Structures are given as C-alpha cells and as structure tokens.
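Worksheet: one structure, shown below.
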Amino acid sequence: MLHPDIKEVLYSEEYIKEVVKGLGSQLTEAYEGKNPLVICVLKGAVMFMTDLTRAMACDLELDFMDVSSYGAGMESSGEVKILKDLDTSVEGRHLVIVEDIIDTGRTLNSLIELFKYRKAASIQIVTLLDKKERRVVDLQADYIGVNVPDEFVVGYGLDFNEKYRNLPYIGVLKKEVYE
Ligand code: XMP
Ligand code: MG
C-alpha cells in the first residue's frame, strides 16, 4: 500500500533489490581477499548498507559513523561535525563508504579528507542514489546505484524530518507535506 504522503514511487522494492544485488556482486569481485571496512553513514544509509553487505560474498567488517554538516538549512556547508565516530582504526584499511544519496558532495568530501588524514590504504564510495546536477564539489562515487532527478526523495532509509525511513520503496513526497 502506498503511503498517503507519497506522490509517486520512483524505485520499487523489487527494483532496489536488483540494483543492490548488482552492486554487491561488483563489490565482491573488487574486495575479495581485502577484508574491507564497510562504513555506513548514519542514518540514511542503514537500509542500503545492511542489504548491500548481505549481497557481498567476501569477508568484511562493518562500522558506523554519524556526521552532520555545520550551517543551517537544507544545504550542507562543507564542514562536517562528527556526532559518532568509528570504533575501528582506519589506518592501513581498505574503506568502502556507503551513502544513501550524494547531493552537493560536501559531506563525503570532508569524510574522504578525514580518512586520508587517518592513513586509510584506499577509499571507495558506494552510493545508492546520485543527484549529479546538484554537485558543488568535484566528487565522483566509485559505485552508483541509480542517478536520481533533483527532487526530494524519501524511503529506504531516506527521511523527511525523520519520517518515512521505513518505506520499502523510494518515492517523491507530495508538495503539501513539506510546504
Ligand atoms: P551532500 O553533502 O552531498 O549531502 O550535499 C548529502 C546528504 O543530503 C541529504 N539529502 C537528502 N535526504 N532526500 C533525503 O532524505 C533527498 O532527496 C536528499 N538530498 C540530499 C542526505 O542526508 C545526504 O546524506
Ligand atoms: Mg545521509
């Protein structure tokens, strides 16, 4: 049943499953024997990370990081504040950063700088959704699920005011909900 606040489903549960399965096999091949540290950027990437890592057949470890960008409003400012740091040292580790969506690219840009400074052996980015037209910094994900149009999307981890994360599909919110 479609949630009454959703205008349109962009990606169905079945479609997301197929996309995640595909990314999982690519990552399995790339990281076989490397025991990567898979880093989930909370909270939006939680659903994606749990499904993605179950689609990866190689050995790996999981960790979580929660960051918020400084500055008010919907735009991220570029500087990130660490709300929850990793438990694991990244020094010498192969990192796979898992994101739900890349928008301006600023959040990930700062994370990459941080992990370079902490001497990670390698850093790759997997994002389920990529909003390329919104990018303000030069940042490319290594693995992209789907390119998404510039609309505010929710579901499968993505929220509006902490709501809708549990929807099994990704959809566009009705305008009257956020205006
Ligand atoms: P950057 O730094 O790339 O930030 O601008 C990416 C973060 O912005 C949030 N974001 C969204 N969240 N629906 C959401 O629920 C969207 O359409 C959307 N666009 C950007 C999200 O938190 C992501 O991690
Ligand atoms: Mg996020």
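The values are calculated or read from the model by the stated rules, or taken from the named source; none is laboratory data. The shown structure was predicted, so the numbers you read here are calculated from the model rather than taken from an experiment. Glycine gets a Cβ as well: all are built from the backbone with ideal geometry, and neighbour counts include every protein chain shown.
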Any chance you could count how many residues in the stretch 70-105 are modelled with pLDDT under 80, surrounded by fewer than 17 Cβ atoms within 10 Å (Cβ to Cβ) and not charged (D, E, K, R)?
7
Any chance Ile101 is more than 16 Å from ligand 2 (Cβ to nearest atom) and either in a strand (DSSP E or B) or closer than 13 Å to Phe48 by Cβ (or both)
no
List pairs: first residue in the stretch 97-112 and under 14 Å from Asp66 (Cα atoms), second residue near ligand 2 (Cβ under 9 Å from one of its atoms) and of a type in the set (Gly, Ala, Ser) anywhere in the structure, Cβ distance under 6 angstrom, at least six positions apart or on different chains.
Val98/Ala45; Glu99/Ala45; Asp100/Gly44; Asp100/Ala45; Asp100/Gly157
Kindly list the number of the only condition in (1) surrounded by fewer than 16 Cβ atoms within 10 Å (Cβ to Cβ); (2) within 16 Å of ligand 2 (Cβ to nearest atom) that fails for Glu13.
(2)
Looking only at the stretch 21-47, count how many residues are surrounded by 21 or more Cβ atoms within 10 Å (Cβ to Cβ) and assigned to a helix (DSSP H, G or I).
3
Criterion (over 21 Å from Leu23 (Cα atoms) and either surrounded by 12 or more Cβ atoms within 10 Å (Cβ to Cβ) or of a type in the set (Val, Ile, Thr) (or both)) met by exactly one of Lys174, Lys119, Lys132:
Lys174
